[in-house]
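So the structure is just underneath, and the comments pick up after that.
What follows draws every value from the coordinates through simple rules; no lab data is involved. Treat the numbers as computed from the prediction; the structure is a model and nothing was measured. For neighbour counting, all protein chains shown are included, and Cβ atoms are generated from backbone atoms with ideal geometry for every residue, glycine included.
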Amino acid sequence: MADPSAVARAEARQGSSTEASVSALIGAALLAAGRPVTARELADTLALPENTLHRELEAFARSLAAADLGFVAEAVAGGWRLIVPPALAARLSPLLAPPPLPALSSAALEVLAVIAYRQPVTRAEIEAMRGGSAGTVVTLQERELVKVVGRSDAVGGPLLYGTTARFLLDFGLESLDDLPPLQDGGFSHLLRG
């Protein structure tokens, strides 16, 4: 016959492990997903109203930052994800794989800026705005920063390009509304960032 107190302790442990806090569930979801998770996805998964979840997400992010554990929660690309703060990432670079891609050229950044601000846009429109070739579109597609989003109604139905969720992630933007305003000097201010 089993010891009744041992059974009670086992049941208490089992109950506490199945009744995780909202904060623990948010952390586990962000860690397990490995990608930004939208508030809607989290609200649906955790069966919480979205306004309650937003408060919980903000509280989770603050408590995680205060705990100084080496990672933080970040709102980006319309969702939330866990990241290593940039101040720590440099020290961890030997552990990170794959090695980072070479920096984008000035021409690629210009093409990316045209696409980001004017999307959807055709290659001909990009070349007209830049006054030069838009050959780096292929490089931007390979890096998953831009993609074909349709075809223009113009003669020949040229491809239309737009940015991707990867663009938002890589540039730390929650949405395209977070792009800096265009300045009179064109796109050159983007090349300094």
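Values as computed for the structure displayed
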| read-out | value |
| --- | --- |
| Distant-in-sequence amide H partners of V76 (H built 1.01 Å from N, under 5 Å) | R81 |
| Other-chain or far-sequence residues with amide H under 5 Å of V149's (modelled H) | L160, Y161, G162 |
| Relative packing of peptides 32-43, 136-147, 62-73, 84-95 - highest average C-beta neighbours within 10 Å first | 136-147, 32-43, 62-73, 84-95 |
